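Inspection log for the structure reproduced underneath, given as structure tokens.
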Amino acid sequence: MKKLMSVLLSVLLLVSLTACSQGAKLERGAWDGTTFTNTFSGITMTIPNTEEWTIASEEDLAALMDIASDTMEDANKLQAALAKIQTVQDMMVQNATTGSSVVLMYENLSLHGVGSSYTAEDFAKEVETGLKNNTQISYTLKDNYTTTLCGKEYVVVPTEVPDYGMNQSYLMRREGNYMVEIILTGLGQESIDELLGMFAE
């Protein structure tokens, strides 16, 4: 379990470092019981329960973004802080029993100097390069494909991590100045499919 979380955190760092701008204002989402909704990204996801699934707290997400936890409680301070952050953490959940997890975050493309023609396909290539060059974790990359999630089309980079017996899928699409990123981690493809099933169609 601890090994899975350490892999996940290293992946978050990896993706934030391999990302290389136009549009809607970024707004973070919110939980209502077991359902998470974000109008900016159009994401709606419902976890089965909160007994097996742990929702990362605002303090946890603030720590990942290296901002003061009280900033999360002040809308004006938060907006100012988010504009300066390369990787904005929006939501993270993990099943304490299986280690399956879902992470939703946004890469601020304005901080990378890429133009309006930079696409999810371009970002996928960056992610693939980062995974291939990872010297700590050995990834097996499969063929990319596209899928529709919550009514939006995503580019998917599917991988296997044989040393840990798990699969990870990286989903991405561009929304204005941000790249919407979803990282799914599970023990096998069946677990990934179950995680995808938690999102609204």
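Read the figures in this text as sums done on the coordinates, not as results from a lab. Keep in mind it's a predicted model, so treat the numbers as computed, not measured. Positions of Cβ are generated from backbone atoms using ideal geometry, with glycine treated the same way; all protein chains shown enter the neighbour counts.
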Pair LYS152, ASP74: separation of 7 Å Cα→Cβ label points (nm): 2.9 nm
Prolate/oblate/rounded call for the chain, Cα gyration tensor, a/c under 1.5 rounded: rounded
Within region 155-186, backbone nitrogen closer than 11 Å to the virtual label 7 Å beyond the Cα of SER110 toward Cβ: 177-178
Three-way shape call for region 81-140 based on the alpha-carbon gyration tensor, with the a/c threshold at 1.5: oblate
Computed lengthening from GLU51 to GLU194, 0.36 nm per intervening residue step minus Cα-Cα distance: 49.7 nm
Long-range amide H partners of GLU27 with built H, under 5 Å: PHE40
Cα centre as origin, Lys/Arg/Asp/Glu Cβ charges: region 141-187 dipole, Debye: 160 debye
Difference of contour (0.36 nm per residue) and Cα-Cα distance, THR35 to TYR145: 36.9 nm
For region 2-196, size of Cβ-based charge dipole, Lys and Arg +1, Asp and Glu -1, in debye: 460 debye
Residue-averaged 222 nm ellipticity for the chain, from DSSP H runs of 4+ at -39500 (n - 2.57), nearest 500: -8000 deg cm²/dmol
